[in-house]
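Have a look at the structure below before the remarks.
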Amino acid sequence: MSAQAIQPIEEILPTTRREGIQGWTGGSDRAFSTVAQLMLAFWAFVVIFPFVWMIVTSVKTDPEILSSPWKLPAAIQWDNFERAWTQARIGRFFLNTLLVLAGSLTGTLLVSAMAAYVLARFEFPGRQVLFYAFIAGLMFPVFLALVPLYFLVRDLHLLGTYQGLILVYIAYSLPFTIFFLTAFFKTLPNELGEAAILDGASQYQIFFQVMLPLAKPGLIAMGIFNFLGQWNQFLLPLVLMPDENRYLLSQGLYFLAVQQGYQNDYGALFAAMMITMIPTLIVYVLFQRRLESGLTAGALKG
Amino acid sequence: MHHHKYRLIIPFLLPAALLYGVFVVWPYAQAIYVSLTSWRGVSANRPFVGLDNYQRLWEDDRFLEALSRNGQLLIVLPLVTIAIALTFAALFTQGGQAIRGAAFYRIVFFFPQIIPAVIVGILWSYVYTPNIGLLNGILGGVGLDGLKRSWLTDPTTVLWAIVAVAIWSSVGFYMVIFIASMQSIPTSFYEAAVLDGATRWSSFKDITLPLIWESIRTSVIYLAIAALDFFILVIVVSGGSTTMGATRAEVAALYLYNQAFDKNRWGYASAIGVVLLLLTLLLSVIIMRATRRETYQF
């Protein structure tokens, strides 16, 4: 993996590939493309339709929802969003999530960038071991650590605190982020750093004033990647954030859904899902290309 | 570089090493120790019981049944996901010939991957709901009322209904991986094959498949690990970790979660975790060996 990983895949490809091949033998081309188009259309339907249904359901009244999944709303119920935001406290959970992510994203990028810079550009004993120790974290599923993690966080008096969750988010984001940024820092030219040393800059100045700005594309890619990962995180808050006032979005949404069976406010539940989805939707629309290549970069070279 | 470099190296590495050591390495190490105790979390003392928990696991029918569900997932999840993802990737990429609408389909198919698992789970739990749900609604709409059922409580369908959600949301991810590696195969290979009278299928089998084998291996391992880790979707789709649906689709990780956070049997739960970790490592090694092939340089 290298800096290329964050460029759109199309840009690194030779242009000759666009033309394509004609004249496969065997079977009629028309029959083949008809079957293929049907398959693709079917899968697109299976992917899109539940979301369309979710959007429509989020503006229906409860009696409408309960009468038939096909019935369109007589009037758009914006009210559902209001109840989701206030009564179901999705607004509160939204702000809690923003608060945690503000800390954890900044922390993840800063701590990873510092470690990755040193791992990529300095020789010292134990460098390889340390690098692989960080990468090993990619292998282990989070839930295996859940039980001891719960007690550790409790004993540090961090259970149910934003700080505790921020630190844990950073710790579990380190393996991939360090992996990615180390490769990135390796691609940066040496000359700039050397020139800065001749100008009398300290190592710290070189990192913060020369290297970090140069690593911006890598930092942005990891910012997007970790934003999605941490925004979607469910297990860690479920276990480490028992205080109902400090629930994060995905966790609050889960409890809302579980309670819904008793309280029957389906409209508000679907509206709450829409609210939770909107930030990821925006990020996807803005960064679709980078995201695809970033998310798969690790897997490709793994 | 020069002799003052440790003034930079140490403070720069320290935060990462500290956070990683305390919150990642230490809990995993602790899990192994806790699994040798009968700790129930109430008191600070953790009675050491040796391998007792592991022995009881071996005789615990509920655990073995959960594990056998993971065994079924282990076959179905990688096979189906990769088959669908490969088909789409080939249609969009093979030989540089993209099918009409490829760009649009690609964006759509990848989309579920970025949606929070909780939303995917809740959305599908309502797709499967008997009376107001989308699936029974569609079946009724096309006159297949006989197929309608209570998908999430029927013991024959609940696990597979949930697995279908996992496949639905991850196909796009693997498709993009396969597209990226198929795009690096030179078009000239296919041109030569066409001249030799190759069909689409034989080009796929003889050129594409061997040349992207490394990506397929990696994907098999990812999906095998996912099959062993499977549980977030189970609790979200079935509406809770102890609901009837969840019990009928109980996989090993869910059993762990309930033993820990519902029953407070921390020692026993940790033993399940350690067994799953060992199985994960063992499985990765087995798959790596079983799928080893000569790699082709091009």
Within region B:200-217, identify whether any single residue is of a type in the set (Val, Ile, Thr) and either within 8 Å of another protein chain (Cβ to nearest Cβ) or within 12 Å of the chain's Cα centre (by Cα) (or both), and answer yes or no.
no
With the condition being acidic (Asp, Glu), I'd like the helices (runs of 4 or more DSSP H) fully within region B:7-98 carrying at least 2 qualifying residues.
B:52-59, B:61-93
Qualifying positions in region B:10-52 - out of contact with any Ser or Thr (no Cβ under 6 Å at 6 or more places or on another chain) and buried (at least 19 other Cβ atoms within 10 Å of the Cβ)
B:PHE12, B:LEU13, B:ALA16, B:LEU19, B:TYR20, B:PHE23, B:VAL24, B:PRO27, B:LEU36, B:THR37, B:TRP39
Might you let me know whether region A:254-262 holds any residue that is more than 9 Å from chain B (Cβ to nearest Cβ), closer than 20 Å to B:PHE261 by Cβ and buried (at least 22 other Cβ atoms within 10 Å of the Cβ)?
no
Out of B:SER215, B:SER188, B:SER184, I need the residue that is at pLDDT 85 or above and closer than 25 Å to B:ILE287 by Cα. Which one?
B:SER215
Only one of these is more than 8 Å from every other protein chain (Cβ to nearest Cβ), farther than 23 Å from B:ARG106 by Cα, in a helix (DSSP H, G or I) and at pLDDT 85 or above: B:ALA164, B:ALA227. Name it.
B:ALA227
Determine if region B:109-116 includes at least one residue that is closer than 30 Å to B:ILE32 by Cβ and either within 8 Å of chain A (Cβ to nearest Cβ) or free of Cβ contacts under 8 Å to residues at least 60 places away in the same chain (or both).
no
Does region A:58-109 hold any residues that are within 11 Å of another protein chain (Cβ to nearest Cβ) and touching a Pro at 6+ places or on another chain (Cβ under 8 Å), and which are they?
A:LYS60, A:GLU64
Which residue, of B:VAL176, B:VAL158, is touching a residue at least 12 places away in the same chain (Cβ under 8 Å) and either closer than 30 Å to A:VAL258 by Cα or outside the structural domain of B:THR93 (by TED's automatic domain parsing) (or both)?
B:VAL158
Contacts under 8 angstrom Cβ, first residue in region A:141-160 being more than 7 Å from chain B (Cβ to nearest Cβ), partner in a loop (DSSP other than H, G, I, E, B) and not β-branched (Val, Ile, Thr), 6 or more apart:
A:TYR150/A:LEU159; A:PHE151/B:GLY41; A:VAL153/A:LEU159; A:LEU159/A:PRO242; A:GLY160/A:MET241; A:GLY160/A:PRO242; A:GLY160/A:ASP243
Taking region A:95-115 as the region of interest, how many residues are buried (at least 17 other Cβ atoms within 10 Å of the Cβ) and either free of Cβ contacts under 8 Å to residues at least 12 places away in the same chain or under 17 Å from B:GLY21 (Cβ atoms) (or both)?
6
For region B:117-132, how many residues are free of Cβ contacts under 8 Å to residues at least 12 places away in the same chain and at the interface with another protein chain (Cβ under 7 Å from one of its Cβ atoms)?
4
B:ARG292 vs (1) at the interface with chain A (Cβ under 10 Å from one of its Cβ atoms); (2) at negative phi: all pass except (1)
When you go through B:GLN94, B:GLN55 one by one, which is the residue that is more than 17 Å from the chain's Cα centre (by Cα), within 14 Å of chain A (Cβ to nearest Cβ), farther than 30 Å from A:SER67 by Cβ and of a type in the set (S, T, N, Q)?
B:GLN94
Among residues of region B:257-276 being facing chain A (nearest Cβ under 9 Å) and without any contact (Cβ under 8 Å) to a residue 24 or more places away in the chain, the residue nearest to B:ARG217 (Cα to Cα) is B:ALA269
Only one of A:ALA183, A:ALA133 is under 26 Å from A:GLN233 (Cβ atoms), among the small types (Gly, Ala, Ser) and modelled with pLDDT of 90 or more, namely A:ALA133
With respect to B:THR199, is the statement that it is surrounded by fewer than 21 Cβ atoms within 10 Å (Cβ to Cβ) and either of a type in the set (Gly, Ala, Ser) or out of contact with any Phe, Trp or Tyr (no Cβ under 7 Å at 6 or more places or on another chain) (or both) true?
no
Residue identified as of a type in the set (S, T, N, Q), surrounded by 13 or more Cβ atoms within 10 Å (Cβ to Cβ) and modelled with pLDDT under 80 among A:SER67, A:SER33
A:SER67
Within region B:233-253, restricting to residues that are in a helix (DSSP H, G or I) and at pLDDT below 90, the one that is surrounded by the fewest Cβ atoms within 10 Å (Cβ to Cβ) is B:MET244
Neighbours by Cβ (under 7 Å, 6+ apart or cross-chain): first from region A:162-177, free of Cβ contacts under 8 Å to residues at least 60 places away in the same chain; second among the small types (Gly, Ala, Ser) and not in a helix (DSSP H, G or I)
A:PRO175/A:GLY137
When you check A:GLY267 against the structure, is it surrounded by 21 or more Cβ atoms within 10 Å (Cβ to Cβ) and at pLDDT 85 or above, yes or no?
yes
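The values are calculated or read from the model by the stated rules, or taken from the named source; none is laboratory data. Since the model is a prediction, treat every value here as computed from it, not as a measurement. Cβ: placed from backbone, ideal geometry, glycine included. Neighbour counts: every protein chain shown.
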